[in-house]
Each structure stands twice: as structure tokens, then as C-alpha cells.
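The values are calculated or read from the model by the stated rules, or taken from the named source; none is laboratory data. All figures in this text were calculated on a predicted structure; none of them were measured in a lab. In this analysis, Cβ positions are derived from the backbone assuming ideal geometry, glycine residues included, and neighbour counts consider all displayed protein chains. Heavy atoms of the whole protein, side chains included, go into the accessibility calculation; ligands, DNA and RNA do not. Shrake-Rupley method; radii C 1.70, N 1.55, O 1.52, S 1.80 Å.
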Amino acid sequence: MDSYTGYYAGLRSLDNSLVVGHAEHGWMERTVNLDSTRAKIQPLQWYHLKLLAYGCEIVAEASSGAQGSLASSALSEKDCVVSGRVGLRSYAAGGVWKNVTVRPATREDLTAMLARTVTTEKTAALASPATNQERYRVGTPADQRARQPFSRTTNAQSIDSLRLFPLSKPAKATVRGSVILTSPTLFVQDSSGGVSVPHPSAPPLKIGDEVEVSGEVHPGDFSSSLAHATVQVLWAHSPVPAASVTASQAASGAFDANFVELEGTLRSKSYGPDNTLLFDLDSGPQTFRAITNRGRGDALFNNVKLNSLLRLRGICVVNAAYTRNLTPFVLLLRSADDLKVLAGPPWWNTGNLIATLVGVIALAFVGIFLYGRIENWRLRAVMEERERLAHEMHDTLAQSFAGIGFQLEAVRNGIPAELPVAHHQLDLASDLVKHSHEEARRSIAMLRPEPLLAGNLLTALESCARQMVEGGAVKIVATCSGEPRPVPLRIADTLYRIGQEAIANAVSHADPNKITISFEYEENLVHLLLADDGKGFAESENLRGFGLRGMRKRASSISAAVKIESAIGQGTRVQIAAPLPPRMTLFSWSNLLRKYLMESTHAQGFGQ
Amino acid sequence: MKNEKSPPFRLRYGFCIIVLALFGLSCHSSSPFTIAVIPRTSGTGLWEPEHAGAEEAAVHANTRIHWNAPTREDDVEGQIALVNQVVSRGYRGLVLAPDQRLALIAPVRRALAHGVPTVIVGSPLPVPAGEKLSYILNDDEAAGRMAAQRVAELLHGHGFVAVLGINPDISAVMVRARSLEMFLGESYPEIHLIKRTGSFNFLHEHQVAEETVRENPGIKVIVGMMWASGRAAISAIGETPACHAKVIAFDPDGSIPFDEPAMDSGITQDTRAMGRLAVELIDGDRHGKAMPPLIKLQPIAITRQNVNTPEIRRLLSMEWRATPWVWSTAR
């Protein structure tokens, strides 16, 4: 129905008129205004429209039940369309049809309708030689001032053709199109392009109104303008869809004064003059600006973030009055609804990268902290298990040895002294039980972690040594130098076990008079020295059984170095050097780095 | 003792400082001094003389010329990419004949923001001249009047003239078209114009010329505002025996086909002088001399009578080397 060849008639509320026209992929029509004092076409009322086609005579008549005939109009054409179909439509008005009847017309019908028309008609003076084969009649309007000339499409032309109008003398033209912007300037667009209409003489317009504009043509390079224009509304609600273009296409000027849609990345936003909001955007190699009014746009302005990807709809304008020659074009947005945020700013901006880095570092610290805690928990579990074993051994093995000892003593007391062999064997058994009891006590003592947990490492080892030599004449000397600092539990436990082993070796095998336990703390190192003045051993001797392999194994688990010095008659020195983790503070980074550089430089220097 | 830095330590820091300094210097210098010259397109008789002029001036200024252009005049994106490279590659000056007046605004503004002295030749951009931006333009108003005067002579003061190739992308074309129309309107009101928009696309121009000739077989004069439209008009007239129109064409690409009966005359711009002056201006800026905002050069009419004069032959020559070729032949 939008593009057809034929005839139409209708009632139009916009200008209170009866319309009869000829459509041929365009239209040519005559409007007859009704006497507004007598009848006004308005919604929610029923009107009767009668259209008669007989030969090349077309007659239309409108009437209402209360007021009778309102208007009639007729036209005839020499070479008319003689066949076709009948259609009904309600154009953007919501009107409905009822009691529709189509029947063949007769000459009598034509004569009757024309008779009613002729009584009030004045034949229209035909406007131009080009249309002199046409005969239009105008009916009823009582108010002669309300008569309007034909809306003659013979003068209407495509908007794009205005660019080729002569420059040397002013010319007038009429175009038809849809309103795409009303403020700050009226823009009208048809299928060939857009035109600006500054300061028109026009009724109140809204976007989507289909209008006819007549004015003085000012051809432009990319689009034209119509000055001193008058605007007539043909009908409403015929919005033009936006053409989707790229910024590069818009920057060519080919879409000047057109309603377009494009995307861009927001680089800056600011308040402009005359209560406007300015958005500067990038898209590929092009930059452009979008302008909209404040009001509802303020909320959007405050919320939209820089570097967001936006989709905008607006009128593309290349006029320097808007672009100020800073950008190839600007977009005049009709309202804040023409701006849509497609995606927020990408996360990899400078601030987020810094925050991510800080987060990763914090996570690393948390991970290290948790690892240390878990390691502590594991060690505590091991110690608790050892303690449990110690208690078990104390309650079972040690008690059993004691019981066996008592039983052996009872047996020996019961055996006569005349059996020396039996006494001798019982003494041996008693010694073995005593020795085993001592071993069990020592193992229990080694398994119990209380000394280490209760005090510092030196105290724990000293206490352990004193327990081992309890009742004997061995002297225990404990010393400490340097600045004592907390030692991680894993390292402390390992040092304690190595120290225990060394003390036990000294007590069991060296027969010393004095055992020295010495700790020396450096910044990142702790030295443990266990020395005795016992009988020593030759380093070439087979030392299996002295637990030295176990000591070395334990030491390697904490990256500690073990050095054992001994000679026959000169005692034994066991030295362990265990690294300590560096003490991290906010200000220690630079020193650590500097130290690393110095050490690596020195290492290279020594390497040379 | 601890505070003293050992020689290897000082060496390491010194090495780092030297590397950083060299890196910093490499970001700010592009030696030797190179000027990018970007015409509308390359390999054409209109713009190769600009290359010759630029090379000629470069010899005197002891600079180098980087000559590059898109292969088509409507490849605006290609020209934008070349202009962007001027900044990224650190060229010290830009001479540009823009393919499109609006699309080149942003790239040229970017180059100016980076302090690249820029000279626009041929057709202006809507960017005001400034400390680092200068224009060397053809006097297109004079060119339009020149064409209008010739039209009036051919039409004896009355009749129709078709003006083809009105391309809004190029400001110079619009200026000369307006000048032609205004001059004819004021001085020869009996001469009427048939105007057609155009582009650099020869096939499109040929179609427009064919339609114009078919619809107006009695037309006496056709003006091609660009060489593509002038050449298309000559071709269309040649295919229409009933049409005996004469063609006046702007910006001829090299030699003008005066062997064609329809060819009347050409009006060209002195691109050789544009190239030479542009390089001289940028070299002057390098030595602290202010660049003038605008230099206008007079258009040159080429007719059958003067086409073989040394001045015109030199103007249309595609030989761009500042020093002549040395040829040798082996047998």
C-alpha cells in the first residue's frame, strides 16, 4: 500500500480536510478543508466516506450522521488507471472501518454525486501546462480562505538534487521528507539525503512528522539548506530509521544532514555552551563529537565512564558552525536515549593493572603466610604424635622394663648363693633390662617436645643435656652470642634433634667432663656448636651407628651445613650453620636489592 | 669499607645509565632529516612534478624525501594510514595533498599535535593555518574564471555548458566550480549550466558523461572539473557522432590528448612549484623561520598553442629525479 499506482481518498485530522489524490510511487493530491466552524474531524467519531470511480472520473464525498455532507471532491484524468483492487488503511491514526461496501458504479451514481459536487464547486485552475489534462473540482468548503492550492508534487524534488541548484541566482524549491531533528535546527530527510531548514515558518513539529518544505535553496558541498522556508505538516509518525555507518564513512561528508547510527569509544566529556553536553569519541582513525541537551542527559553524563564503547544515533553534521573545524563531523543527538553504552571501559587500564599487581603481591604474601601456618600445624601434629608415642612408651615399655627388673631381682633373691652361674646370668639379664630401660627413657626424652615448645632453643638443648647427664659429673655449659631472634619452628626442631643426637653421642660414647652448647646469631644465619672434651675419634673410623648420617640428612632438609671435627683424645666439635629467612620490612627492599647486587658483583669479582 | 662501591658495581650502574640514555635518544631523533611528501596518488602526471619539486628543494636543504601515496585517489583510508606513519616513524615534516577534506582533519591535527611542521598543497583542509601549518594552494577562483572565460568564448556568450565532476570531497574543485558558475552568471547570463556531481572513479564519470551527452546531444561545451571527468567527456563525445562538444578539463594527468578533436584546453596547477616551496618552508621552519599561512600559485592554461613550449613540457614532465639518470647499455 505504500507504493502503488491508483487513486485514493481520505479524511485527514491534521488539517481537517478531505483528500483525493493520484498515487504513482509518489502522490499528487488535492485537499479540501472543511469548514472548521461547522465540522471538525476528530477521533472517536464515525464518518462516512464514499468514493466513486466511473471511467476516468473519481469523486469522493465525506459526511457524518449529525451534519450530513461535509465535503466532496472530484478529479478526472485523461489517461487514467482503469483497473485494480480496492484497499483500506488507517495511516497512523488508529481509525477502524465498518460497513464497507464495494459495488459497481453506474453513470447515474456519478451524475448524482457530481450534481452534489457541482452545486458547490469551483473548478480549480490548473496549475501548470504540464498538468493541463487534469481536471480537479473542489467541493463544499464554505470558507474560501480555507481553500488550499494543490499540494503539487510537480515542484517537489529530491533533497539531494538541491546541491545542483544554481549558485548565481537564488532559487526556490519544495521538498518532502520526514523531520529528523527539530532543535537547534530543523532537519528534514528523504530517501536521497537530508536538508537543514534554519528558522522556518512552521507549526509545532515533532520528530517523525512528514512535512513539505518550501524555501530558498542554498546549495552546500555535502548538503543544502532551505532558507526562509515554510513548513506544512502532511502527516505524523513516520520516523526515519537510522543508517548504520562507520565513523570513516561519516567523515566523508556523504551522510551530512542524515540520521545515522555509529559506534565510538568515549575519550572525554564536558559541558558545552547553551546547556549542552559534549562527548568526544574515537573510532578507528577518526574522532568526532556528539552533542545533546542537558536535562535527562545529565544522569547519563555522570554515569558513563571514559573509554566506554558507545552506540550513538543522531544527525551527522559537517558544518563548521558545529564542528569548529576540530573534528570532521558532529552528531546532534535527539535525546539522551540516542546514546547507549555497549561496553564499559576495558579492565586493562593503568589503575586496574596496578590494582591487579598489588592484589597478586598480596595474594602471594597470603599464600606464603598460609603455607607457613600449615607447615607449623603439620610440625605441631608431628610433635603431638611424638608426645603420644612418648607417653605410650612410658606407660608400656618403660613400665614393663621396670616390672621385668623387679621380677629378676625377686628371682635372684630366691636363688641360693651357691648357684653363682645363675646369679651371674641374672645380673647380666638385670643389666640388659637396666640398659634397655635407660634407652627407653632416653628415647622418651627425645620424643617429648615440651622443652622446645616451652622455651627457646638454647634452653631446650641445655635442659635436654642436663637430663641426659643427670646424676653424673659432666658439666654443661650453654652460651649465646649475637642478637637472638625467633627461629622458624621447622629449623628449631631440626637443630634441636641434631643437638640431641650430638649430646647423646657425647654422653654415650665420649665420656666427657664438659659439654658446651653454643648459639651464635647472625643476620640471616644461626650457628650451633656442640663440643665435648671426651675421648674423640679418628675421622677415618667407621662412624656408622653414631647417627652422623641422620644429622646430615636432617641438616640438608633445612639447607644447613654440618661440620664435624674430632680427634683421638681431643674431643668432638659438631658445628651446624643454618640459614634464616630474611626479615622483611617496608624499608628493607632497597637494602636487600643492594646487598644482592653487591654480593653478585663480589661473586663475579671473586670468580675472575 | 662497605660504603665504597667496587669497580664492577660502578661499571654495572654506568652501563645501565648509558643504555637508558641511548634508548631515550633513539626515541627523539630520526636522522637524517626526512620530510614525508604524500600526494593524492602516485604515478600520475599531475603529482609526479610535485615529487620533482620536492627532490629539487631537498638537495639544497640537505634533507631526504619520503615519497608515498595511495594507489587510488579515492583511497582515503590509505592516505590516513600514511599520514599516521609520519608521526610513528618520526619524520620531521609533512607535505600533504589531501584526498578528502573532512576525513584528513583528525590525522593532520594529530601530526600537528606532535609538532610536525605540515604544508597542505593543492586543496585546503578546514583547519586554520598556524605556526606549524601552512597552505600552498592553486588560485582556484582564478582557475574557475579562466575556464568560464574560455566557455564564453566557445559559446559566444549564450548556450548550455555541462559541468561534470563536481566532487565535494575536494575543496579546490568546489571553489573552482563556484567561481566558474558565479563568473558566468554575472558576466554571461545567457549561458546556462548543467551540473553533475562526480568522483575520482573513471567508470562512474564515463557513465555520467554518456548520460549528459545523450540527454543533451546539442551541447557545445563540457567542463571536467577533474581529469577523470574531462577524459570521460572526451570518450563519450567520441562515441556520439552527433555531438561536437569541446572539452575543457582541469588537472590533466600528464600529456593532454590534443589529437582528440573534442579536446579544447586544460587548466592545471603548478604542483612542481608546490613541492619545491613546501620543502623549502619546512626547511625554513627547521632553521627558525616562520612559515607563511598561505601561498597561492596561479593556474596555468594549456592549449594546442603552448603545449610544446619548454615551460609546459617541464610542468608536465614525470621526471622527478633531481639529478639525471646515467644510462649504460651492454652489447
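What to note about this one:
- Whole-angstrom gap from segment B:188-236 to segment A:8-77, using each part's C-alpha centre: 47
- Cα long-axis angle, helix A:399-414 against chain A (0 to 90 degrees, to the nearest 10): 20
- Tilt relative to chain B, helix B:271-286 - C-alpha long axis, 0 to 90 degrees, to 10: 30
- The residues of segment A:348-448 present an accessible area of 72 Å² per residue when probed at 1.4 Å with all protein chains retained.
- Annotation: the antiparallel percentage among DSSP beta bridges lying fully within chain A is about 85.
- Of the solvent-accessible surface of segment A:1-92, computed with a 1.4 Å probe and all protein chains present, 51% belongs to carbon and sulfur.
- Residues losing 20 Å² or more accessible surface upon assembly, segment B:122-137, compared with the chain by itself, 1.4 Å: B:P126
- For segment A:240-265, residues shielded by at least 20 square angstrom of accessible area compared with the chain on its own, probe 1.4 Å: A:S248, A:A251, A:S252
- Cysteines in chain A lacking any other cysteine Cβ under 4.7 Å from their own Cβ: A:C316, A:C464, A:C480.
- Whole-Å distance, taken between Cα centres, linking segment A:419-438 and segment A:454-484: 33
- Modelled FRET efficiency - R0 35 Å, A:Y371 with A:L278, Cβ distances, 0.05 increments: 0.05
- All aspartates and glutamates inside 15 Å of A:K169 as judged from Cα atoms, apart from same-chain residues fewer than 8 positions distant: A:E216, B:E181, B:E186, B:E190
- Take each residue in B:97-105, count the other chain C-beta atoms within 10 Å of its C-beta, and the mean is 6.
- Binned Cα-Cα distances of segment A:160-235, short to long, each 10 Å bin given as a whole percent: 22, 59, 18, 1
- A:V382, A:V179, ranked by accessible area, largest first (probe 1.4 Å): A:V382, A:V179
- By the rule of a C-alpha distance below 23 Å, with chain neighbours fewer than 8 residues away ignored, the lysines paired with A:K40 are A:K50, A:K98, A:K122, A:K206.
- Rg followed by Dmax, in Å, when the protein assembly as shown is reduced to its Cα trace: 51.1, 171
- Net charge over other residues, Cβ less than 13 angstrom from the Cβ of B:S229 (K, R count +1; D, E count -1): -2
- Expressed per residue, the C-alpha convex hull volume of chain B stands at 189 Å³.
- Charge context of A:I159, other residues only, Cβ under 13 angstrom, K/R +1, D/E -1: -2
- Only protein heavy atoms count here, probed at 1.4 Å, and on that basis chains A and B bury about 2500 Å² of accessible area in total.
- Carbon + sulfur, % of accessible area of segment A:380-531 - ligands and nucleic acids excluded, 1.4 Å: 55
- Prolate/oblate/rounded call for segment B:140-268, Cα gyration tensor, a/c under 1.5 rounded: rounded
- ³J(HN,Hα), Karplus 6.51/-1.76/1.60, whole Hz, each residue of segment B:151-160, x for Gly, Pro: 4, 4, 5, 5, 9, 6, x, 8, x, 10
- A cut-off of 5 Å between modelled amide H atoms, ignoring neighbours fewer than 5 places along the same chain, links B:K132 with no other residue.
- Accessible area of B:H114 (1.4 Å probe, protein heavy atoms only, ligands and nucleic acids ignored): about 120 Å².
- Interface residues in segment A:165-201 - accessible area drops by 30 Å² or more relative to the isolated chain, probe 1.4 Å: A:L167, A:S168
- Degrees between helix A:420-447 axis and first principal axis of chain A (Cα, 0 to 90, nearest 10): 30
- Heavy atoms of the protein chains alone define the surface here; on that basis chain B has 47 Å² accessible area per residue at 1.4 Å probe size.
- Alpha carbon convex hull of segment A:346-497, volume per residue in cubic angstrom: 143
- Euclidean distance of C-alpha centroids, segment A:249-268 and segment B:42-105, integer Å: 27
- By accessible area with a 1.4 Å probe, ligands and nucleic acids excluded, highest first: order of A:E387, A:E210, B:E190: B:E190, A:E387, A:E210
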